[in-house]
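The values are calculated or read from the model by the stated rules, or taken from the named source; none is laboratory data. Bear in mind the structure is a predicted one, so any value in this text is a computation, not a measurement. As a convention, Cβ positions derive from the backbone with ideal geometry for all residues, glycine included, and neighbour counts pool all protein chains shown. For the accessible areas, the whole protein counts, side chains as well, though only heavy atoms, and no ligand, DNA or RNA atoms are used. Shrake-Rupley method; radii C 1.70, N 1.55, O 1.52, S 1.80 Å.
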Amino acid sequence: MNTIKKIVVFSLIIFSASASNAQNGMREPINYSLKNGMKIIVSENQKSQGAFSSFTLDTRAFQNKKDGIVELLNATLNERASKNDQILFKDNSGRLATNNAQLEKGLTEMASIIQHTDINQKAFDSGKATLLASLKKQDYDYDQTVNENTINAISLADLRAFYNEISPEKTFLTVAGNVEMNTAKAAVKKAFGNWKKANKEEISSIAK
């Protein structure tokens, strides 16, 4: 349970403008899994100024990923998310900052981006250009394995294959802040409940 608390607190620190109050009013986190295997953590914090969600990949499930491919996927997903300033893909996660009333709408939009983005040449080129520009500006502290050489070594086929490997049982979602538990659970189910778990045949097809 201590690990779960740490994840919730970390999410609140990232998203909340008043991080010093993040733990005040926090109730015991609830963790469960959807039928598709996606792991969910929900924590109410009535002192928080909003509702914050973090979609995170289970890095243990992607042992053979190329250096920089997560960052390139983030940049590509952000091209689609650019019309919504509440959603941002960064590091190993997708982040949503909203409120209890708009949580369902925000989660549904984030889920759509995660599940239904077309990784085509145009999206790939745009995301790559954005990431390379960020590396050149040094406007973010990327891991040392993320550099111009590693990004240029990733092909469109590589990015598509990695994206297609992402399935609910390899991810978890944290919802924390000023949220009502039943509202949060219903919003999560509506947004991610129909996401299908990958089967062995799909995984074999992606690998070929």
Filter the stretch 181-208 for residues that are over 17 Å from the mean Cα position of the chain (by Cα) and surrounded by 16 or more Cβ atoms within 10 Å (Cβ to Cβ); which is modelled with the lowest pLDDT? ALA198
If you take the residues in the stretch 83-112 that are modelled with pLDDT of 95 or more and among the basic types (Lys, Arg), which one is nearest to ALA187 (Cα to Cα)? LYS105
Among the residues of the stretch 56-75, is any free of Cβ contacts under 8 Å to residues at least 24 places away in the same chain, outside any loop (DSSP other than H, G, I, E, B) and open to solvent by 20 Å² or more (accessible area, probe 1.4 Å)? yes
Within the stretch 132-148, which residues are more than 16 Å from ASN74 (Cβ to Cβ) and surrounded by 10 or more Cβ atoms within 10 Å (Cβ to Cβ)? GLU148
Output the residues belonging to the stretch 86-110 that are outside any strand (DSSP E or B), within 26 Å of LEU131 (Cβ to Cβ) and among the small types (Gly, Ala, Ser). GLY106
Would the stretch 40-52 turn up any residue that is modelled with pLDDT of 85 or more, within 30 Å of ASN120 (Cα to Cα), in a loop (DSSP other than H, G, I, E, B) and open to solvent by less than 80 Å² (accessible area, probe 1.4 Å)? no
Cβ pairs under 6 Å, 6+ apart or interchain, first in the stretch 145-173 and part of a strand (DSSP E or B), second of a type in the set (S, T, N, Q) and open to solvent by less than 40 Å² (accessible area, probe 1.4 Å), ordered by first then second residue, are PHE172/THR56
Test: PHE162 is aromatic (Phe, Trp, Tyr), under 24 Å from LYS39 (Cβ atoms) and open to solvent by 40 Å² or more (accessible area, probe 1.4 Å): no
